[in-house]
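Here the structure is laid out as structure tokens; the discussion comes afterwards.
The values are calculated or read from the model by the stated rules, or taken from the named source; none is laboratory data. In this text the structure is predicted, and so the values were computed from the model without any measurement. Cβ placement follows ideal geometry from the backbone for every residue including glycine, while neighbour counts extend to all protein chains displayed. Side chains included, ligands, DNA and RNA excluded: accessible areas come from the protein's heavy atoms. Shrake-Rupley method; radii C 1.70, N 1.55, O 1.52, S 1.80 Å.
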Amino acid sequence: MKTTIKSVLAPALALALLAAGAMMAQDKESEGAQNAGSTPAITAATMPREHDPIQVPGDMLESMLGKDFASLRLFACKNGKMEQIVYQFDERLPDGTFIMDLGEKANADKHNNKLDPQDYLIFRLGDTGDRMAKEGWPAPEGLEIELKDPITGGLSYCYLILFEGAAPPELDIDTVVLEHWDPWKSPELPFIVSGKSYRIEGLVNRFGDKYYKTAINKSFIVPKDAGGSGEDILDCQKMRAYMELFFGKIRVDKTEYSMIGGIDSLRHGKVRGYGRQWLTVKLPLDIESSRIYSDVFTYDRVIVSPMQLNIPINPDAIITRAGIEFGYDFNEKGIGMRFYSPNCMDGVTIDGKMTDKEKAIPEDWVPWYLVTGPQGSLIFRVKIEKALMEQSVNKLTYIDDLEQKLEPEDVPGSIGYARTNIEVTSVKPGKYDFQIEWYFPPNFYKQDGYDKQMLKDFLDIKDAPIVISIGGKTAKNMSLSPEKLIPNK
């Protein structure tokens, strides 16, 4: 038989085509297998901020309403995988009243342990992470929560996941700790709260055989891992009130040591604790004056206390002048720290000796001041309602003089005492809101001053709140502009 090139090549070409086809089929199968088991798409977070506590209104979590808290967990994408993060749900009644676990006004029997529109989901911005495609979620049903910095546009994410079966155990982590947190036990022990960058102890006053736990600070410590010394640097938080009656013929002065107080109601969560506190003074014949109530929300690096001043009558009918003074007076271990404010941006050194520069600091009202040093750092802020500001005289006076004694005090003299003064002579009757805020920035002190970006980040928690987006709904983070624990009181 005659053999031709064509007859030899034809079978070989056919075999080659068959082999190539098989290889292509194998490649497609392999590609399909890779796609089926590939890592879900991840978009890296670009959020520059980390210290904000986040408060998500329950009505934004629409598809999860009515679900048991036991079936819900909060996750974030970190290092390519989903990890559970610390959070809490704060339950409220339909009228906005928070459900409290302890106290004279406790209403723990109102818990239903289900997510309702008026409830809040609370977590920390610093715990959020990258954006994870739905294929990577730990369960198929959930909600993506987007957090956006309104200044830079930076983004981060977390995920509220619903588990139909048994949910994974919750993280056993408390970011804020209340020591002796039941104020109705061991009344002689102080009320102590600790966060990631502070530990504060309250003043206990005793009258007769009765103890009163107040929220007035007696001790302030910044732990070493937050850039502090781990030592108490506070003499006391001064809280002085005064009244002049009948054109100054009678003057009444009260100090933090003549005040009594306690906890009206309280709840302790993993991310924040909150309670309604009261404060008043003892008058002659063992009579108590009217109680002043304040709400306190405590986070790991921030404490915020909204208050309300109720003036039922025009005080100038009897009271010629009245005022309140408050601020931190440090002990000798605070010497060497630096004081800054918008009226003193270059700063001055706290040493118990008033220099000409310190004496020249204007007493005009400023919205914040800070102290910082190797001992620790504190940013202090007061916000007063405009209507009250317009009817009162408000000042911040800096006193750093060991010779200027403002007794009672354990350490004689004034050491870095930034005294906030609110004085009224004639105010229209009504209710006036003001708020005190404490920020505890970690590792804030620098040899040449302080971390200016961190100061801005902390002030922006309230001034430029994070924007929360869920399923087309958006809201501003209002964790530092909280609603009243008990409405209309």
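Per-residue answers, yes or no, for (1) of a type outside the set (Asp, Glu); (2) out of contact with any strand residue (DSSP E or B) (no Cβ under 9 Å at 6 or more places or on another chain); (3) surrounded by fewer than 16 Cβ atoms within 10 Å (Cβ to Cβ):
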| position | (1), (2), (3) |
| --- | --- |
| ASP52 | no, no, no |
| ASP59 | no, no, yes |
| MET64 | yes, no, no |
| LYS67 | yes, no, no |
| LYS78 | yes, no, yes |
| GLN84 | yes, no, no |
| ILE99 | yes, no, no |
| GLY103 | yes, no, no |
| TYR120 | yes, no, no |
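In the range 158-174, the count of residues that are touching a residue at least 24 places away in the same chain (Cβ under 8 Å), within 27 Å of TYR274 (Cβ to Cβ) and among the charged types (D, E, K, R) is one or more.
Taking SER194, is it without any contact (Cβ under 8 Å) to a residue 24 or more places away in the chain and either aromatic (Phe, Trp, Tyr) or surrounded by fewer than 16 Cβ atoms within 10 Å (Cβ to Cβ) (or both)? For SER194, the condition - without any contact (Cβ under 8 Å) to a residue 24 or more places away in the chain and either aromatic (Phe, Trp, Tyr) or surrounded by fewer than 16 Cβ atoms within 10 Å (Cβ to Cβ) (or both) - is not met.
Take the residues in the range 148-166 that are of a type in the set (A, V, I, L, M) and out of contact with any Gly (no Cβ under 9 Å at 6 or more places or on another chain); name whichever of them is surrounded by the most Cβ atoms within 10 Å (Cβ to Cβ). If we take residues in the range 148-166 being of a type in the set (A, V, I, L, M) and out of contact with any Gly (no Cβ under 9 Å at 6 or more places or on another chain), then LEU155 is surrounded by the most Cβ atoms within 10 Å (Cβ to Cβ). Might you let me know whether the range 281-289 holds any residue that is at pLDDT 85 or above and open to solvent by less than 40 Å² (accessible area, probe 1.4 Å)? No, the conditions are met nowhere in the range 281-289.
With the structure loaded, tell me whether GLY248 is on the phi < 0 side of the Ramachandran plot and either free of Cβ contacts under 8 Å to residues at least 24 places away in the same chain or out of contact with any helix residue (DSSP H, G or I) (no Cβ under 7 Å at 6 or more places or on another chain) (or both) or whether it fails that test. Considered against the rule, which asks whether it is on the phi < 0 side of the Ramachandran plot and either free of Cβ contacts under 8 Å to residues at least 24 places away in the same chain or out of contact with any helix residue (DSSP H, G or I) (no Cβ under 7 Å at 6 or more places or on another chain) (or both), GLY248 comes out as no.
Scoring ARG276 on the criteria (1) under 20 Å from the mean Cα position of the chain (by Cα); (2) at pLDDT 95 or above; (3) open to solvent by less than 30 Å² (accessible area, probe 1.4 Å) leaves a single failure, condition (2).
Just to be sure, is ASP400 touching a helix residue (DSSP H, G or I) at 6+ places or on another chain (Cβ under 8 Å), within 24 Å of LYS333 (Cβ to Cβ) and either at pLDDT below 95 or acidic (Asp, Glu) (or both)?
Details: touching a helix residue (DSSP H, G or I) at 6+ places or on another chain (Cβ under 8 Å): yes; within 24 Å of LYS333 (Cβ to Cβ): yes; either at pLDDT below 95 or acidic (Asp, Glu) (or both): yes.
The answer is yes for ASP400.
In the range 56-105, how many residues are part of a loop (DSSP other than H, G, I, E, B), under 20 Å from ALA139 (Cα atoms) and over 21 Å from the mean Cα position of the chain (by Cα)?
As a first pass, look at the range 56-105 and keep what is part of a loop (DSSP other than H, G, I, E, B): 61, 65-67, 79-80, 85-86, 91, 93-97, 99-101, 104-105.
Filter once more, so that each one left must be under 20 Å from ALA139 (Cα atoms): 61, 65-67, 79-80, 85-86.
Subsequent filtering for residues that are over 21 Å from the mean Cα position of the chain (by Cα) retains 61, 65-67, 79-80.
So the count comes out to 6.
One residue alone among VAL222, VAL177 is within 30 Å of GLY373 (Cα to Cα), open to solvent by 40 Å² or more (accessible area, probe 1.4 Å), of a type in the set (Val, Ile, Thr) and in contact with a strand residue (DSSP E or B) (Cβ under 8 Å, 6 or more places away or on another chain), and that residue is VAL177.
For (1) assigned to a strand (DSSP E or B); (2) within 26 Å of LEU178 (Cα to Cα); (3) touching a Gly at 6+ places or on another chain (Cβ under 8 Å); (4) at pLDDT 80 or above, each residue gets a yes or a no:
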{"site": "GLY21", "(1), (2), (3), (4)": "no, no, no, no"}
{"site": "ASN35", "(1), (2), (3), (4)": "no, no, no, no"}
{"site": "PRO48", "(1), (2), (3), (4)": "no, no, yes, yes"}
{"site": "ILE54", "(1), (2), (3), (4)": "yes, yes, no, yes"}
